[in-house]
Amino acid sequence: MKASAAGYARAENLRHAIEMLVASEGEGRVLAGGQSLVAAMNMRLSAGDLLVDISRLNELSGVSQEGDTVRIGALTRHAQVGADPIVRARVPLLAAAVAHIAHAAIRNRGTIGGALAHADPAAEFPACALALGAEIHVEGPEGDRSIPAEDFFEDVFTTALEEDEILTALSVPAAETGEVQLIEEVARRSGDYALAGLCLVRRAKGHRVALFSVGPKPILATGAMTALDAGDVDGAVAALTSEIDPPSDTQASAAYRRHLAGVLLRRAVARLEGDRT
Amino acid sequence: MTEMFRDKVDVALTVNGEPVEARVPAGQHMIDFLRLDLGLTGAHASCEHGVCGACTIRVDGVSVRGCLMLAAQADGAEVWTVEGLTDTAAITDLQDAFVARNALQCGFCTPGMLVAAEELLSAGGTPSRAEIREHLSGNYCRCTGYEAIVDAVESVAKARAGKGDA
């Protein structure tokens, strides 16, 4: 089908973009890489939007490291995230996740901020942000604020972003020496949405486990984390399968997704142990 | 409020090396603009939600889904389609290999397939068959079963690598 947009405007800078969102009185929609939004518009899942195109705002693109924090601009494209030397060295989870995201042509255009703001429950980056304990930076008419990833994702395609706010960056703690970050997922074909996916981070102060495609939003599996900290893998799998409530759909049943989550945790732990030897 | 937003947007870009200026509807995607307004019907509008890859074109040096990019976003962009890549002979060896290996039957996917394959080949090196499959995983072909397409891309990769050594 064909997209229906009520209007389009190219933002000159971040302030301008926010002013346009405010002026659009709830009809505004931020357009960045467009890899989810334009698809939704073509399918008429989203129609009559006033598009605020922020894709030219170079100040929102790029990766930098300040001390122990890596900051990734919202408009950094997936392919750039995957190739960036700072990301590869200090946030390897994000670089590894890129290989699982859609296909090359989509990774060339989609942005990490767009993926976070879109909050598709099957998407990799939101779960990565959760597993890493990222801070999500947003800017609105009253100024900027930072939201912990744990509070940012609220429901299917729903985040803590207000209508007139724009996601500007995320910051994540740079991996410490000895830290391991892994992603595991099962999809029917390369580039398909995950049937289930799991991110595992092991730091000196403990494990972090986040899952995607097993519920309405990415889930931090705190029970599994506690069990892993105690060295109890079976206990972690048991905790994990009880703390998720995955949906059934045409791709997979809830029972299969729950089973997969346990399999993915065991695979990730096996890789952790392989890494240690 | 509404004067901030336009339902028609002026864009100036280059398409296949030629400057183009146009006024496009706010919601029009690149493929409709290329096909309906410029008559460049090589890239196809098919699934129109980014799944099939038949609309793959090159924008600012990289492959993109023409159906997932608005024409309004193309202001200042450098766009190449299969027509331009054919005219400049940039992909002649690839096209010849597709014919020689029977890497197309109906041909619907071929323009997108060529642009995607060329992106991989132009990155240099000799990709493995697995890397070729992975890079083309976003381009559907319902005729060939892909094997012949991978053969064609692999043979060009090897031929270009050989030429580089000589």
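So here's what we get for this one:
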item	result
The lone exception for B:Asn102 - which of (1) in contact with a Ser or Thr (Cβ under 8 Å, 6 or more places away or on another chain); (2) within 14 Å of chain A (Cβ to nearest Cβ); (3) under 30 Å from B:Arg133 (Cβ atoms) it fails	(2)
Filter result (on the phi > 0 side of the Ramachandran plot and more than 9 Å from every other protein chain (Cβ to nearest Cβ)) within region A:17-33	A:Gly26
Residues that are surrounded by fewer than 21 Cβ atoms within 10 Å (Cβ to Cβ), more than 10 Å from every other protein chain (Cβ to nearest Cβ) and assigned to a loop (DSSP other than H, G, I, E, B), drawn from region B:17-48	B:Gly17, B:Leu38, B:Gly39, B:Leu40, B:Thr41, B:Gly42, B:Ser46
Output for region B:67-82, where each listed residue is of a type outside the set (A, V, I, L, M, F, W, C), more than 9 Å from chain A (Cβ to nearest Cβ) and crowded, with 24+ Cβ neighbours inside 10 Å	B:Thr81
Which numbered condition A:Ala99 misses (of (1) within 13 Å of the chain's Cα centre (by Cα); (2) surrounded by fewer than 23 Cβ atoms within 10 Å (Cβ to Cβ); (3) within 14 Å of another protein chain (Cβ to nearest Cβ))	(1)
Which listed residue is farther than 21 Å from B:Phe108 by Cα, within 14 Å of the chain's Cα centre (by Cα) and of a type in the set (A, V, I, L, M), from B:Val24, B:Val15	B:Val15
Checking A:Ile136 against (1) in contact with an Asp or Glu (Cβ under 6 Å, 6 or more places away or on another chain); (2) crowded, with 19+ Cβ neighbours inside 10 Å; (3) more than 20 Å from A:Ser46 (Cβ to Cβ); (4) not acidic (Asp, Glu), the condition it does not meet	(1)
Within region B:54-66, considering residues that are more than 7 Å from chain A (Cβ to nearest Cβ) and touching a Gly at 6+ places or on another chain (Cβ under 6 Å), the one surrounded by the most Cβ atoms within 10 Å (Cβ to Cβ)	B:Cys55
Which numbered condition B:Ala97 fails, given (1) more than 23 Å from B:Ala12 (Cβ to Cβ); (2) within 14 Å of chain A (Cβ to nearest Cβ); (3) out of contact with any Leu (no Cβ under 8 Å at 6 or more places or on another chain); (4) buried (at least 21 other Cβ atoms within 10 Å of the Cβ)	(2)
Selection status of A:Asp234, closer than 23 Å to A:Val156 by Cα, of a type in the set (D, E, K, R) and without any contact (Cβ under 8 Å) to a residue 40 or more places away in the chain	no
Test: residue in region A:15-23 that is surrounded by 24 or more Cβ atoms within 10 Å (Cβ to Cβ) and free of Cβ contacts under 8 Å to residues at least 40 places away in the same chain	yes
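Table: residues versus (1) modelled with pLDDT of 95 or more; (2) facing chain B (nearest Cβ under 9 Å).
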{"residue": "A:Gln35", "(1), (2)": "yes, yes"}
{"residue": "A:Ala40", "(1), (2)": "no, yes"}
{"residue": "A:Leu57", "(1), (2)": "yes, no"}
{"residue": "A:Ala74", "(1), (2)": "yes, no"}
{"residue": "A:Gln80", "(1), (2)": "yes, no"}
{"residue": "A:Ala83", "(1), (2)": "yes, no"}
{"residue": "A:Ile86", "(1), (2)": "yes, no"}
{"residue": "A:Val91", "(1), (2)": "yes, no"}
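The values are calculated or read from the model by the stated rules, or taken from the named source; none is laboratory data. Here the structure is a predicted model, which means the values were calculated and not measured. Please note: Cβ atoms are built from the backbone with ideal geometry, for glycine as well, and neighbour counts cover all protein chains shown.
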